[in-house]
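Chemist: So that we are looking at the same thing, I have put the structure below in structure tokens.
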Amino acid sequence: MTTSMAMEEQPAPRTRKPNQGRIRRSSVLGAVQAYGVLFGLIALLAVMFAPFAIIAVNAVKTPTDLAANGPLSLPQDPTLNNIASFWNAVDFGGALRNSIVISGSVAVLATTLSLLNAFALGIGRIRGALPLLVFFMMANILPNEAIVYPLYYMAKPLGLYNTQLSVIIMFTVIQSAFGTYFIASVMRAFPKEILDAAKVDGCGKLQLLVQVVVPIMRPSLAVLMVFAFIWTWNEFYLPMVFLVSNSQYTVPVAVAVTQGQHMMNESQVAASALLGVLPCLVFFLLFQRTLTRGITAGSYR
Amino acid sequence: MISGRAAKSKKSSLDSGYWVFLLPGLVMFLLVIIVPFAATIAVSFTTWNGVQLPKWIGIDNYVNLLSDPYFVASFQNTLILLLAMVVIPTILGLLLAGVLYSYVSRRFGEKTASFFRAGFYLPQVMPVAVAGVVWGWILTPDGALNSILQGVGLGVLAQNWLGNPDIALFSVMGMMVWFQVGFPLVIFFTALQRMDQSIIEAAALDGASGWQTFIHVTIHQIRPEIFVVVLMTTIATFKVFAQVFVLTRGGPGTATYVPSYYTYLNFFQKSQVGLGSAVATIVTVVVLAVAVVFINLQARRDLAEDF
């Protein structure tokens with residue numbers, strides 16, 4: 001659909017002429033400079049990747065190998081023992097399942113809630129939309145500690161303490177705060193002719209939302225869903241406070257909290273870090289295009 | 001809000017129907033954000049161990065905090081962390097975005113620029129807590145960083161990176177820069193792609209060097225994005241928790257204390273819920289004040305155009 005693409009992309013008119021500005025120099029000097037810049041960037045990128053590489057190498061190294069040859073040598077005798085023993089000690093499969101359930105639920109629920117809010121603010125243009133929007137953004141701005149203790153206190157009598165539902169509810173609200181702002185600002189560019197045509201046809205508001213707005217907004221909703229999923233996956237403070245038994249841990253909690261709890265050797269810590277990194281690497285490869293464009297309401301307007 | 005329906009007939013009649021869609025969001029927002037936040041403020045005026053009834057003590061918690069070394073340290077550290085969370089990543093992100101967009105993508109193609117952009121962004125998709133475990137592993141006394149330093153003959157620089165109170169905060173900051181830099185980079189890169197290229201070309205025709213164009217034209221053009229990035233990362237600085245929790249637990253001493261970690265300790269380990277609530281309230285007020293100042297400076301104009 002062209003309208004939705006226009007809202008998503010807005011490709012700027014770009015004219016690129018190869019020999020222009022600073023590149024217009026003697027070709028030898030230009031080439032030296034260009035490759036200098038390129039190698040500089042490669043060196044920087046190597047620094048960015050180095051921590052991951054070091055962790056990956058040591059996760060498959062035996063503890064004796066690590067003790068004898070240090071953290072920089074390649075593994076003499078690669079093993080999956082560290083990974084397996086950490087996996088079993090914390091039931092990492094369960095943590096993966098918990099994280100998928102929590103992040104997946106929040107992605108769907110927060111996007112739905114954002115859509116409903118934004119429909120009223122962005123399409124309905126109810127009065128007081130701006131103050132309401134600022135009000136919603138508060139949920140995104142407030143530090144966790146401003147709400148954590150009363151929530152913790154309320155969760156116990158409600159039977160929500162140590163349940164995934166508690167975390168799902170909290171993050172649905174927190175992620176929908178930004179989501180409302182994001183979706184509402186995209187909706188502001190919604191083609192009026194389509195809305196008017198729908199009204200002339202006697203289209204009800206629910207029908208308007210489901211049959212007209214949602215199909216056109218689908219790309220932006222998908223972007224929000226991806227970000228809400230990743231953001232929720234990466235959260236630490238609230239999941240750590242609310243999910244206290246091993247069987248409820250999310251991936252970051254399992255990796256970070258169990259450092260102190262279990263008697264883990266250095267190799268197992270490296271393995272735990274690698275296991276924490278790998279799912280995100282998968283998401284990154286899957287959603288790279290969406291993620292690396294960043295998300296601010298302005299950049300999609 | 002629905003009143004005045006008769007007066008401004010068309011818009012108001014629409015209004016009434018749309019309010020229904022806002023109800024679920026408002027109710028959940030009330031229960032999860034507003035009520036707990038109000039409770040935190042109320043509790044901040046009490047002394048409470050979380051079990052017995054809270055006892056009203058007025059502003060005593062706030063008065064005590066002024067001379068509380070942990071609290072003072074946590075705020076001082078936060079101000080220093082602004083360097084690693086806001087200043088350095090924003091400047092690095094600007095430079096990298098500029099080089100990648102206006103140089104690398106022209107000399108080596110857009111694919112190459114995208115590859116670098118994705119590479120620098122990678123830490124951003126990781127949980128901070130997991131990134132903390134990764135760095136904690138590297139920064140131990142017999143860890144990878146010291147091994148590298150010894151390997152290249154700089155063994156004298158080897159440190160107990162997280163155990164030395166003079167160094168620990170800077171070690172945490174190193175990890176933060178590594179983690180943060182991808183965020184401004186992708187926001188600025190996307191902004192540059194949307195920028196009106198004719199202005200850049202006009203500057204080049206006028207004889208401006210690449211660097212002059214970047215400083216005087218490009219930065220000016222993407223100013224809204226710079227504001228957004230600085231606002232969001234400043235707020236994030238006051239929320240720093242997992243990095244400190246995983247790497248240092250605030251130590252050694254108070255060297256890496258931050259407000260979030262101090263409230264966490266008060267809430268869940270020291271049973272000083274009133275004091276913790278006072279810290280949380282102060283942090284929240286500071287964060288909201290930062291947001292209001294920024295919005296007044298810049299974003300209000302953007303918002304007002306739209307809403």
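Chemist: Give the separation of the Cα centroids, the stretch A:250-286 to the stretch A:86-109, in Å.
Modeler: Using only Cα atoms, the two centres lie 13 Å from each other.
Chemist: With a length cut of 24 Å (Cα positions projected on each helix's long axis) and a Kyte-Doolittle mean of at least 0.0, go through chain B and give me the DSSP H helices that pass.
Modeler: Numbers: long enough: B:9-29 (30 Å, 0.57); B:273-294 (31 Å, 2.59).
Helices meeting the criterion: B:9-29, B:273-294.
Chemist: If we count other beta carbons within 10 Å of each Cβ, what is the order of B:249, A:289, fewest first? Provide the component values of the computation, followed by the final result.
Modeler: On the way: B:249 15, A:289 10.
Listed from fewest to most nearby Cβ atoms, that is A:289, B:249.
Chemist: For the stretch A:189-266, what size does the Cα cloud have along each of its three principal axes, sorted from largest down, in whole Å?
Modeler: That gives 69, 21, 15 Å along the principal axes, largest extent first.
Chemist: If you average the sequence gap of Cα pairs under 8 Å that are 6 or more apart and divide by the length of chain B, what percent do you get for the contact order? Show your work: numbers first, answer last.
Modeler: On the way: 335 pairs, mean separation 83.6, N = 307.
Over chain B, the number comes to 27 percent.
Chemist: According to a simple spin-label model (label point 7 Å from Cα along Cα-to-Cβ), what is the distance in nm between residue A:67 and residue B:209?
Modeler: 5.8 nm
Chemist: Report the label-to-label distance for residue B:199 and residue A:278 in nanometres (one decimal), using points 7 Å from each Cα along the Cα→Cβ vector.
Modeler: For residue B:199 paired with residue A:278, the spin-label model returns 4.8 nm.
Chemist: Using the membrane-span-like helix rule (whole DSSP H runs, Cα extent along the own axis of at least 20 Å, mean Kyte-Doolittle hydropathy at least 0.5), which helices of chain A qualify?
Modeler: Details: long enough: A:27-59 (46 Å, 2.01); A:92-118 (37 Å, 1.23); A:164-187 (32 Å, 1.57); A:214-234 (30 Å, 1.32); A:266-291 (36 Å, 1.39).
Span-like helices, by this rule, are A:27-59, A:92-118, A:164-187, A:214-234, A:266-291.
Chemist: Below 8 Å between Cα atoms, with a sequence gap of 6+, how large is the relative contact order for chain A in percent?
Modeler: Details: 292 pairs, mean separation 94.9, N = 301.
This gives 32 percent for chain A.
Chemist: Turning to a different aspect of this structure: Beyond 35 Å, what percent of the Cα pairs of chain B remain?
Modeler: On the way: 18554 of 46971 pairs.
Distances greater than 35 Å cover 40 percent of the Cα pairs.
Chemist: Over chain B, with a Gaussian network built from C-alpha contacts below 10 Å, which listed residue (B:91, B:59, B:80) shows the highest mean-square fluctuation?
Modeler: Between B:91, B:59, B:80, it is B:59 that shows the largest mean-square fluctuation.
Chemist: Find the Rg to Rh ratio for the stretch A:93-262, where Rh is the Kirkwood radius over alpha-carbon pairs and Rg uses the same atoms.
Modeler: 1.06
Chemist: Using only DSSP helix segments of four residues or longer, with each worth -39500 (n - 2.57), what per-residue ellipticity at 222 nm results for chain A after dividing by its residue count and rounding to 500? Provide the component values of the computation, followed by the final result.
Modeler: Values: 13 runs with 205 residues, N = 301.
Mean residue ellipticity, 222 nm, calculated: -22500 deg cm²/dmol.
Chemist: State the volume of the convex hull built on the alpha-carbon positions of the protein assembly as shown, expressed per residue in Å³ and rounded to an integer.
Modeler: Hull volume over Cα atoms, normalised by residue count, gives 178 Å³.
Chemist: Summarise the partner chain shielding of B:211-217 as one whole number: the mean count of Cβ atoms from other chains within 10 Å of each residue's Cβ.
Modeler: On the way: counts 1, 1, 2, 1, 0, 0, 0.
Mean number of neighbouring Cβ atoms from other chains: 1.
Chemist: If each residue's Cβ is checked for other Cβ atoms within 10 Å, how do A:269, B:217, A:101 rank with the fewest at the top?
Modeler: On the way: A:269 24, B:217 18, A:101 14.
If I rank by nearby Cβ atoms, fewest first, I get A:101, B:217, A:269.
Chemist: I would also like to ask the following. Restricting attention to the alpha-carbon atoms of the stretch A:61-183, what are Rg (one decimal) and Dmax (integer), both in Å?
Modeler: Over the stretch A:61-183's Cα set, Rg and Dmax evaluate to 22.1, 70 Å.
Chemist: Restricting to Cα atoms and excluding each atom paired with itself, what does the Kirkwood estimate give for the stretch B:199-302 in Å?
Modeler: On the way: mean 1/r = 0.0596 Å⁻¹.
Here the Kirkwood hydrodynamic radius works out to 16.8 Å.
Chemist: Tell me, B:55, A:61 in order of fewest to most beta-carbon neighbours within 10 Å?
Modeler: Details: B:55 11, A:61 26.
Least crowded to most crowded, the residues run B:55, A:61.
Chemist: Right, another one. What does the structure give for A:47-56 when I average, per residue, the other chain Cβ atoms found within 10 Å of the residue Cβ? Could you put the intermediate results ahead of the total?
Modeler: Details: counts 1, 10, 4, 5, 11, 5, 1, 8, 7, 0.
Counting Cβ atoms of other protein chains within 10 Å of each residue's Cβ and averaging gives 5.
Chemist: When chain B is modelled as a GNM with alpha-carbon springs shorter than 10 Å, which of B:31, B:275, B:139 fluctuates the most?
Modeler: The residue that fluctuates most here is B:31.
Chemist: Further question on the same structure: Can you give the extra length, in nm with one decimal, that the chain gains between residue B:47 and residue B:221 once fully stretched, where that is 0.36 nm per residue apart less the Cα-Cα distance?
Modeler: Working: separation 174, 0.36 × 174 = 62.64 nm, distance 5.14 nm.
Extra length available between residue B:47 and residue B:221 comes to 57.5 nm.
Chemist: Across peptide B:188-200, how many C-beta atoms of other chains are within 10 Å of each residue C-beta, on average? Write down the numbers at each step before the final one.
Modeler: Details: counts 2, 4, 8, 4, 1, 7, 8, 2, 3, 5, 4, 0, 2.
Taking the mean over all residues of the peptide, I get 4.
Chemist: What residues qualify as long-range amide H neighbours of residue B:46, i.e. H under 5 Å apart, gap of 5 or more or another chain, H built at 1.01 Å from N?
Modeler: Amide H to amide H, under 5 Å and 5 or more residues apart or across chains, residue B:46 pairs with B:57.
Chemist: Turning to a different aspect of this structure: Work out, in µm²/s and without decimals, the Stokes-Einstein translational diffusion coefficient of chain A at 10 °C, 1.306 mPa s, Rh from Kirkwood over C-alpha pairs.
Modeler: On the way: Rh = 22.9 Å.
It comes out at roughly 69 µm²/s.
Chemist: Under 10 Å, Cα contacts only: if you run a Gaussian network model on chain B, which one of B:27, B:279, B:246 comes out with the highest mean-square fluctuation?
Modeler: B:27
Chemist: Using just the helices of chain B, give the 222 nm mean residue ellipticity in deg cm²/dmol: DSSP H runs with n ≥ 4 each add -39,500 (n - 2.57), and the total is spread over all residues, rounded to 500.
Modeler: Numbers: 17 runs with 195 residues, N = 307.
-19500 deg cm²/dmol, from helical runs alone.
Values quoted throughout were computed directly from the atomic coordinates according to the rules given, and no laboratory measurement underlies them. Worth saying up front: this structure is predicted, and the values here are computed from it rather than measured. Ideal geometry is used to build each Cβ from the backbone, glycine not excepted, and the neighbour counts take in all protein chains shown.
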